[in-house]
Amino acid sequence: AASATLLQQLVTADPKSERSRVGAVSYNDSTQAASGMAWGVSTASTYISALPTVPTGGTDASGGMKAAFDALKSSVATEKTAHAAKGNTGFERYIVLMTDGEMTGNSSNWNSTIDNLVRTRCTEAKNDGIKIFTVAFMAPTRGKSLLSACASSLSNYYEPQTMSDLVKAFEDIGKAAAKASTLLTN
């Protein structure tokens, strides 16, 4: 429901899917194959809809952040070429990172190595000009600390405690991203 709200904001801003490319990647203690970047929201929406409603395993966002950064980094010409083919001369790049936990890997104990790797990947993405929104959904202290550090700014960090708060956070993120004339979100 929350992701659908975000994606609807992108559809409203770009109903012909000529300016926004969206991808998705999920993780638990391992990273699942990404959907890949595609025009509009259909591919990402299908990917997100197929996610299990009850997650299993631990938490390791490092692979998800790597996949998102690899898809969006400025040194990769794929997105620039795709946008140029549509006449888009400039575009903004965004990552939305969400977790409800701390980085544990395949265990129930916090893993500082994984936490630091995620922080490093967030820093790399931000240094490359990618704006990061983070959502700490009912996350414990270490999860909140990580996502607060990963967010591009304080206003890009969300800490919802209820489902309605989560939907509102994703709506706000979608509205912020939709303000750009050309969009890339993973």
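The values are calculated or read from the model by the stated rules, or taken from the named source; none is laboratory data. Not measured: the values here are computed from a predicted model. So basically every Cβ, Gly included, is an ideal-geometry build from the backbone, and we count neighbours across all protein chains shown. Surface accessibility is based on the protein's heavy atoms, side chains included, excluding ligands, DNA and RNA. Shrake-Rupley method; radii C 1.70, N 1.55, O 1.52, S 1.80 Å.
Relative to one another, the C-alpha centroids of segment 76-155 and segment 1-58 are positioned 15 Å apart.
Taking every alpha-carbon pair under 8 Å whose residues sit at least 6 apart, segment 26-102 reaches a relative contact order of 34 percent. To the nearest ten degrees, helix 141-150 and the longest principal axis of the Cα atoms of the chain are 30 degrees apart. Helical content of the chain, expressed as a calculated mean residue ellipticity at 222 nm, amounts to -13500 deg cm²/dmol (DSSP H runs of 4 or more residues, -39,500 (n - 2.57) each, divided by residue number, nearest 500).
Using the Stokes-Einstein relation with a Kirkwood hydrodynamic radius computed over Cα pairs, the translational diffusion coefficient of segment 1-105 at 10 °C and a viscosity of 1.306 mPa s comes to 108 µm²/s.
For segment 1-83, which trypsin sites (Lys or Arg not before Pro) are in a loop by DSSP, counting at most 14 other Cβ atoms within 10 Å?
Working: sites: Lys16, Arg19, Arg21, Lys66, Lys73, Lys80; in loops: Lys16, Arg19, Lys73.
For trypsin sites (Lys or Arg not before Pro) across segment 1-83 that sit outside H, G, I, E and B with at most 14 neighbouring Cβ atoms in 10 Å, the list reads Lys16.
Peptides 122-132, 141-151 ordered by packing proxy, namely the average of other Cβ atoms within 10 Å per residue, highest first: 141-151, 122-132.
Of the solvent-accessible surface of the chain, computed with a 1.4 Å probe and all protein chains present, 53% belongs to carbon and sulfur.
In this structure, the pairs whose alpha-carbon distance is over 23 Å, taken from Lys86/Lys126; Lys16/Lys73; Lys131/Lys168, are Lys86/Lys126; Lys16/Lys73. Over all orientations, segment 73-169 has a Cα convex hull whose mean projected area works out to 7.7 square nanometres.
Axis angle, to the nearest 10 degrees, between helix 2-13 and the longest C-alpha principal axis of the chain: 20 degrees.
Report the relative contact order of segment 108-155, percent, no decimals, based on alpha-carbon pairs under 8 angstrom and at least 6 residues apart. Can you show the working numbers first?
Details: 30 pairs, mean separation 18.1, N = 48.
The normalised contact order for segment 108-155 reaches 38 percent.
Were the residues from Gln8 through Ala85 laid out at 0.36 nm apart, the gain over their Cα-Cα distance would be 25.3 nm. Using alpha carbons only, the radius of gyration of the chain set against its Kirkwood radius gives Rg/Rh = 0.94. Accessible area per residue for segment 25-162, computed on protein heavy atoms with a 1.4 Å probe, is 50 Å². On a per residue basis, the convex hull of the C-alpha atoms belonging to segment 1-43 measures out at 64 Å³.
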